[in-house]
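Here the structure comes first, spelled out in structure tokens, and everything after it is commentary.
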Amino acid sequence: SGCMVGNPAISVLCDAYRKGIRDYDVEKAYRYALNTSRRFGNNDDGYTPGNISCTLEYDYTDWCMARLAEWLGKEGDRAHFDKRALSYATIFDPESGWFRPRNEKGVFSSLPEKGRLQEGYGCVESNPYQQGWFVPHDVEGMIRLMGGREKVLADLKDMFEKTPGDYLWNDYYNHANEPVHHVPFLFNRLGMPSLTQKWTRDICRNAYHDKVTGLVGNEDVGQMSAWYILASAGFHPLCPGETRYELTAPVFDRVEIALDRRYAKGRKFVVTTEGNAPDACYIQSATLNGKPYNRCYIDHEDIVRGGELHFVLGRTPNKQWGVE
């Protein structure tokens, strides 16, 4: 936790508690989380001077603290952290239309020659274009701030279309580093789940290889591989601390997940496909335990209850499936 941007241990605690993993001293864990969130976080104006990455990361973990406080009945803390979680808007510059670092006096740093594509401009191992999508706890608010669905959808499409096919380090969708790992799943939230399906399959195919140089970036304690395991199985969280997983087209014909009976009612959760092929990455229809399923997401409870999620895949997008 100490060497990473933000306060990631809090998100682990939040997600674990929300998903029923509570066989530890919860009150003690909360006290430690509260203490560290007070020691490390955004300033009273809602941002970390000179740093987009820290500002957005701290906003997310403030949201995690708010959820923990809510579940534990600590209303004062909940209200405090819920307010802080929305302070990401303090570093959004309406004039340039994107996030920019501010100094201690609140003045935006001068735009560099490459604008939001400038790596290191208020960001850690990323640029503002990549880091700016990190508002997982308030995606709808982020979309409004950025100008609305159509503008955001066009921007996100452009980002992926300009990404090099090998996914090595680049200024656009840089799968080689973790700040963007949730970004392909934003298409689900924008009402275009077929694009989540298209790009996650493409990433699985081209950013991972069975050789010494098999990963496009630093494994970072397993995150690079964890992304593949989840995405290739057909689901991935966008915001840990929520119980929603975004659905996408599985790579495999069959995936069986053995469930831990300490935290799950079922014994296993199975994901199956038909019509699967390297060029058939689009979900045509789905069933959950034999019943038609038309959502582009699934809840944690549906998974731990056990059962089978079945996808029919095809070569052309079904733009009606999964659209809310």
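Of all residues in the stretch 1-21, how many are under 18 Å from residue 67 (Cα atoms), assigned to a loop (DSSP other than H, G, I, E, B) and open to solvent by 90 Å² or more (accessible area, probe 1.4 Å)? Even if it seems obvious, please write down each step before you answer.
To start, the set of residues in the stretch 1-21 that are under 18 Å from residue 67 (Cα atoms) comprises 6-21.
Cutting the leftovers down to assigned to a loop (DSSP other than H, G, I, E, B) gives us 6-7, 19-21.
Among the residues that remain, those that are also open to solvent by 90 Å² or more (accessible area, probe 1.4 Å) are: none.
Number satisfying all stated conditions: 0.
For residue 126, which of the numbered conditions (1) outside any helix (DSSP H, G or I); (2) of a type outside the set (A, V, I, L, M); (3) surrounded by fewer than 20 Cβ atoms within 10 Å (Cβ to Cβ) fails to hold?
In the conditions (1) outside any helix (DSSP H, G or I); (2) of a type outside the set (A, V, I, L, M); (3) surrounded by fewer than 20 Cβ atoms within 10 Å (Cβ to Cβ), residue 126 misses (3) alone.
Between 315, 244, which is more than 17 Å from the chain's Cα centre (by Cα) and not hydroxyl-bearing (Ser, Thr, Tyr)? Show your work before the answer.
On the way: 244 fails: more than 17 Å from the chain's Cα centre (by Cα).
Result of the check over 315, 244: 315.
If you take the residues in the stretch 1-37 that are of a type in the set (Ser, Thr, Tyr) and free of Cβ contacts under 8 Å to residues at least 40 places away in the same chain, which one is farthest from residue 262 (Cα to Cα)?
Step one: of the stretch 1-37, the residues of a type in the set (Ser, Thr, Tyr) are 1, 11, 17, 24, 30, 32, 36-37.
From what's left, free of Cβ contacts under 8 Å to residues at least 40 places away in the same chain: 1, 24, 32, 36.
Values: 1: 27, 24: 13, 32: 25, 36: 29 Å.
Ranking the qualifying residues of the stretch 1-37, first place goes to 36.
Restricting attention to the stretch 43-67, report how many residues are open to solvent by 30 Å² or more (accessible area, probe 1.4 Å), within 20 Å of residue 116 (Cβ to Cβ) and among the acidic types (Asp, Glu).
So the count comes out to 1.
Could you please tell me which pairs satisfy a Cβ distance under 7 Å, a separation of 6+ or placement on different chains, a first residue in the stretch 291-309 that is touching a residue at least 24 places away in the same chain (Cβ under 8 Å), and a second residue that is part of a helix (DSSP H, G or I)?
Correct list of pairs: 296/188; 296/193; 297/188.
In the list 219, 301, which residue meets the criterion of being of a type outside the set (A, V, I, L, M, F, W, C), in contact with a helix residue (DSSP H, G or I) (Cβ under 7 Å, 6 or more places away or on another chain) and surrounded by fewer than 13 Cβ atoms within 10 Å (Cβ to Cβ)? I'd like the intermediate steps shown before the answer.
Numbers: 301 fails: in contact with a helix residue (DSSP H, G or I) (Cβ under 7 Å, 6 or more places away or on another chain).
Residue meeting the stated conditions: 219.
Out of (1) over 17 Å from the mean Cα position of the chain (by Cα); (2) of a type outside the set (A, V, I, L, M); (3) part of a helix (DSSP H, G or I), the odd one out for residue 45 is which?
If we test residue 45 against (1) over 17 Å from the mean Cα position of the chain (by Cα); (2) of a type outside the set (A, V, I, L, M); (3) part of a helix (DSSP H, G or I), just (3) comes out false.
Please work out which one of (1) β-branched (Val, Ile, Thr); (2) crowded, with 20+ Cβ neighbours inside 10 Å; (3) touching an Asp or Glu at 6+ places or on another chain (Cβ under 9 Å) is the condition residue 243 fails and give its number.
(2)
So which residues in the stretch 200-216 are surrounded by fewer than 16 Cβ atoms within 10 Å (Cβ to Cβ) and among the small types (Gly, Ala, Ser), if there are any at all?
Of everything in the stretch 200-216, just one residue is surrounded by fewer than 16 Cβ atoms within 10 Å (Cβ to Cβ) and among the small types (Gly, Ala, Ser), namely 214.
Just to be sure I understand, how many residues within the stretch 246-271 are part of a strand (DSSP E or B), open to solvent by less than 10 Å² (accessible area, probe 1.4 Å) and in contact with a Leu (Cβ under 7 Å, 6 or more places away or on another chain)?
Matching residues across the stretch 246-271 total 3.
Inspect all residues belonging to the stretch 69-90 and state whether any of them is β-branched (Val, Ile, Thr), assigned to a helix (DSSP H, G or I) and under 19 Å from the mean Cα position of the chain (by Cα).
From the stretch 69-90, those β-branched (Val, Ile, Thr) are 90; that's our starting set.
Now narrow it down to the ones that are assigned to a helix (DSSP H, G or I): 90.
Right, trim to under 19 Å from the mean Cα position of the chain (by Cα) and you get none.
Among the residues of the stretch 69-90, not one is β-branched (Val, Ile, Thr), assigned to a helix (DSSP H, G or I) and under 19 Å from the mean Cα position of the chain (by Cα), which makes the answer no.
What tally of residues in the stretch 250-278 results from selecting those that are without any contact (Cβ under 8 Å) to a residue 12 or more places away in the chain and touching a strand residue (DSSP E or B) at 6+ places or on another chain (Cβ under 7 Å)? Before the answer, list the steps.
Pass one, the stretch 250-278, residues without any contact (Cβ under 8 Å) to a residue 12 or more places away in the chain: 258, 260-261.
Now restrict to residues that are touching a strand residue (DSSP E or B) at 6+ places or on another chain (Cβ under 7 Å): 258.
Here the count works out to 1.
Report yes if some residue within the stretch 275-285 is of a type in the set (Val, Ile, Thr) and out of contact with any Asp or Glu (no Cβ under 7 Å at 6 or more places or on another chain); otherwise report no. First the steps, then the outcome.
The first filter runs over the stretch 275-285 and keeps only residues of a type in the set (Val, Ile, Thr), leaving 283.
Right, trim to out of contact with any Asp or Glu (no Cβ under 7 Å at 6 or more places or on another chain) and you get 283.
Yes, because at least one residue in the stretch 275-285 is of a type in the set (Val, Ile, Thr) and out of contact with any Asp or Glu (no Cβ under 7 Å at 6 or more places or on another chain).
Would the stretch 22-42 turn up any residue that is surrounded by 15 or more Cβ atoms within 10 Å (Cβ to Cβ), closer than 28 Å to residue 265 by Cβ, within 21 Å of the chain's Cα centre (by Cα) and not hydrophobic (A, V, I, L, M, F, W, C)?
no
In the set 254, 295, which member is of a type outside the set (A, V, I, L, M, F, W, C), more than 30 Å from residue 24 (Cβ to Cβ) and under 23 Å from the mean Cα position of the chain (by Cα)? So that I can check it myself, show each step before the final result.
Working: 254 fails: under 23 Å from the mean Cα position of the chain (by Cα).
Of the residues listed, the single one that is of a type outside the set (A, V, I, L, M, F, W, C), more than 30 Å from residue 24 (Cβ to Cβ) and under 23 Å from the mean Cα position of the chain (by Cα) is 295.
I need the helices (runs of 4 or more DSSP H) fully contained in the stretch 137-190, keeping only those with at least 2 residues that are free of Cβ contacts under 8 Å to residues at least 60 places away in the same chain, open to solvent by 20 Å² or more (accessible area, probe 1.4 Å) and at positive phi. Steps first, answer last, please.
Details: elements: 139-145, 149-161, 186-189.
Counting at least 2 such residues, we get no helices (runs of 4 or more DSSP H) at all.
The values are calculated or read from the model by the stated rules, or taken from the named source; none is laboratory data. Remember, it's a predicted structure, so these values are computed and weren't measured experimentally. All Cβ positions, even for glycine, are placed from backbone atoms using ideal geometry, and neighbour counts span all protein chains on display. Each accessible area value is taken on the protein alone, full model and side chains, heavy atoms only, with ligands, DNA and RNA left out. Shrake-Rupley method; radii C 1.70, N 1.55, O 1.52, S 1.80 Å.
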